[in-house]
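The values are calculated or read from the model by the stated rules, or taken from the named source; none is laboratory data. All values reported here derive from a predicted model rather than from experimental measurement. No Cβ is skipped: glycine too gets one built from the backbone with ideal geometry, and neighbour counts run over all protein chains shown. Accessible surface areas use protein heavy atoms only, side chains included; no ligands, DNA or RNA. Shrake-Rupley method; radii C 1.70, N 1.55, O 1.52, S 1.80 Å.
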Amino acid sequence: GDSRGILSSELGRKVFMLSKDHKPSDELESKRVMEAGGKVYSGNSTPRRKSGNFLTFAGAANKESADKGPLRIYPGRLAVSRAFGDPEAKLQKLGGNPKVLIAKPDIRAFKILKEHDFILIGCDGIYDRLSNREIVQ
């Protein structure tokens with residue numbers, strides 16, 4: 001979801017992303033969420049509830065609306081599309097959908113080489129504020 005791994009190489013002269021961000025703003029993730037029965041909406045829009053079902057969303061659900069807040073998924077109202085936990089988004093008895101917010105990671109294998117300095121894993125907004133290069137430096 002909101003965690004990322006990056007690799008510093010050659011004393012920080014090269015920076016490699018080791019993971020993919022799983023957010024509703026990613027076209028493939030947004031498509032996966034909607035095909036699973038979820039919704040993608042602007043962070044400032046308000047899901048409207050009637051009889052336990054969300055029928056409409058106030059605000060557009062596209063990249064142009066992202067300046068009004070992050071895109072989010074429903075169920076869950078999260079700005080990430082993959083995460084551990086969050087039972088209210090996953091358990092049907094709590095109004096969730098286990099196919100929308102998933103915890104399936106993307107796995108990537110690589111060899112650690114002598115010129116590699118370190119791997120940094122972080123989350124919770126650091127990557128929204130700083131570039132990968134800024135973090136490595």
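Here the range 68-117 is the region considered, the condition is being within 24 Å of residue 133 (Cα to Cα) and acidic (Asp, Glu), and the residue that is modelled with the lowest pLDDT is 106. Kindly provide the set of residues from the range 112-131 that are free of Cβ contacts under 8 Å to residues at least 60 places away in the same chain, under 13 Å from residue 16 (Cα atoms) and over 17 Å from the mean Cα position of the chain (by Cα), ordered by number. Scanning the range 112-131 gives a single hit, 112. Applying the selection to the range 3-19, what residues are surrounded by fewer than 17 Cβ atoms within 10 Å (Cβ to Cβ) and out of contact with any Phe, Trp or Tyr (no Cβ under 8 Å at 6 or more places or on another chain)? Residues satisfying the conditions are 5, 10, 11, 12, 13, 14, 16, 17, 19. Checking each residue in the range 104-135 for being among the charged types (D, E, K, R) and open to solvent by less than 70 Å² (accessible area, probe 1.4 Å) picks out only 117. Within the range 71-96, the set of residues being open to solvent by 30 Å² or more (accessible area, probe 1.4 Å) and part of a helix (DSSP H, G or I) comprises 87, 88, 90, 92, 93, 94.
The residues in the range 101-137 that are part of a loop (DSSP other than H, G, I, E, B) and farther than 11 Å from residue 15 by Cα can be counted, and the count is 18.
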